[in-house]
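Written below as structure tokens is the structure these notes are about.
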Amino acid sequence: MVGLGLIGSAALHALARRGADVLGFDPLQPGEPRGSSHGSCRIFRRFNFESDDYTELSDRAYAGWRALEAASGRRILRACPVLEAGPPGSDIVDASRAAASQHSALAGPETGAEANRAYPALRLPDDWDVVVQQSGGILMAQAALAAFREGVEDRIMRFAAQVEPTPAGVRIATDDGDVLAGQAIVAAGPWIGALAPGLAACLKVTRQPVGWFAPAAPELAREGRLPVFILDGPQGLVYGFPDFEGRGVKAALHNHGPVVGPDDWGPAASDAELAPVAATLAALAPGTAGPIVDRDVCLYTNTLRADADPDAGEEFILGRLPADPRLIVASACSGHGAKFATAIGEMLASLALDPRYEAPPAFRPERFSSLAARA
């Protein structure tokens, strides 16, 4: 395993549980302010406006999170409704509502007026469309990382690694020496393009500023009174969490920021970058709005549009590289992959251990013509 964020650590955990001889390489300590999995929390959505095809994967991941909680004794997935709202005809609300209705899971406010009565921190236009997922939650990312790594600490090598396919095997080269492996899973977030042959041309990395806001109405913005929210507003798609840590309301734009390199984590998010978020909170969720009390930067690793098997982009790349099937790549980013880590970890373990197993077609590398040709 090269890369031990949520996806890589989930795969390491799954492989170790299945008795595989596996090592994981990552120079970053959990909690460091870099890497796709840093920070305390992520949104868990059962129904995903990106595609209804994710629902089955969400359900498998949910079962995995609950199993990990039971095994570790940690609280990893906090139940919390997820509210999505936008003007009449909003694509994201329509897509989530269609997915939920297929599973008879619609419940809660359906208009802005109803949402405002249910959640007084909000002030949505009365005619806005709303869908609420009662099966949503807050994924505690750092607790999940710790649970994945418990019991496999001796398999974790805290070194940066390069991946070098050779006739004898896949060489994992580090400053502390080399390891020759039969296969390698590369799950290195924004750095994956430099480690997996041909992958860089299929990806772009974007800077995503995040802020924490001191809520104007703390009692209305706390967990239990306010859902996780995703607002399709005039400033862009803004997501936010209730103040469940006493740190403030975490909120950010989901729209892609500027393209950056994988090491471009600084400087800290500026007031100007967070201005669209602040304006959205002030207009649509005034109980959450207030001064910025903390700030961070995330990087999204986004896939471009596939051409051999066309898609719209922002999809995962999971599977064996056709040019060298000993290399298994895992880029489950684009800002919506963390929630699936338990299911994807099991998928990656199966790819490594079962030569007959294949990832779902929508995720396979060969949907890009540049990756499809075998050596």
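Kindly state which strands (runs of 3 or more DSSP E) lie completely within segment 1-108 and contain at least 1 residues that are modelled with pLDDT of 95 or more, among the aliphatic types (A, V, I, L, M) and more than 14 Å from Ala338 (Cα to Cα). Quick ask: steps written out before the conclusion?
Values: elements: 41-44, 77-79, 82-86.
Output list reads 77-79, 82-86.
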Which of the residues spanning segment 320-375 are modelled with pLDDT of 95 or more, among the charged types (D, E, K, R), surrounded by fewer than 21 Cβ atoms within 10 Å (Cβ to Cβ) and not in a helix (DSSP H, G or I)? Asp324, Arg326, Asp354, Arg356, Glu358
Residue that is surrounded by the most Cβ atoms within 10 Å (Cβ to Cβ), among those in segment 120-174 that are of a type in the set (Asp, Glu) and more than 25 Å from the chain's Cα centre (by Cα): Asp129
Can you report the number of residues in segment 143-186 which are free of Cβ contacts under 8 Å to residues at least 60 places away in the same chain and assigned to a loop (DSSP other than H, G, I, E, B)? 4
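Please work out which residue is surrounded by the most Cβ atoms within 10 Å (Cβ to Cβ), limiting yourself to segment 48-75 and to residues that are more than 30 Å from Gly151 (Cβ to Cβ) and not aromatic (Phe, Trp, Tyr). If you could, list the steps in order and put the result at the bottom.
Here is the first cut: in segment 48-75, the ones more than 30 Å from Gly151 (Cβ to Cβ) are 48-53, 55.
Checking which are not aromatic (Phe, Trp, Tyr) leaves us with 48, 50-53, 55.
Values: Asn48: 20, Glu50: 17, Ser51: 14, Asp52: 16, Asp53: 12, Thr55: 18.
Restricting to residues being more than 30 Å from Gly151 (Cβ to Cβ) and not aromatic (Phe, Trp, Tyr), the top hit is Asn48.
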I'd like to know if segment 110-118 contains one or more residues that are free of Cβ contacts under 8 Å to residues at least 40 places away in the same chain, touching a strand residue (DSSP E or B) at 6+ places or on another chain (Cβ under 7 Å), assigned to a strand (DSSP E or B) and at negative phi. yes
Residue pairs within 6 Å by beta carbon, gap of at least six or interchain, first lying in segment 251-275 and touching a residue at least 60 places away in the same chain (Cβ under 8 Å) and at negative phi, second of a type in the set (Val, Ile, Thr) and surrounded by 19 or more Cβ atoms within 10 Å (Cβ to Cβ), listed first then second, are Pro262/Val205; Trp265/Val297; Ala269/Val297
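Do the conditions hold for Trp191, that is, is it assigned by TED's automatic domain parsing to the domain that holds Gly335, among the aromatic types (Phe, Trp, Tyr) and either at positive phi or not in a loop (DSSP other than H, G, I, E, B) (or both)? Before you say what the answer is, go through the steps one by one.
Working: assigned by TED's automatic domain parsing to the domain that holds Gly335: yes; among the aromatic types (Phe, Trp, Tyr): yes; either at positive phi or not in a loop (DSSP other than H, G, I, E, B) (or both): yes.
It is true that Trp191 is assigned by TED's automatic domain parsing to the domain that holds Gly335, among the aromatic types (Phe, Trp, Tyr) and either at positive phi or not in a loop (DSSP other than H, G, I, E, B) (or both).
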Within segment 254-280, work out how many residues are over 30 Å from Phe316 (Cβ atoms) and outside any loop (DSSP other than H, G, I, E, B). 5
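The values are calculated or read from the model by the stated rules, or taken from the named source; none is laboratory data. Quantities reported herein were computed from a predicted structural model and do not represent experimental measurements. Glycine gets a Cβ as well: all are built from the backbone with ideal geometry, and neighbour counts include every protein chain shown.
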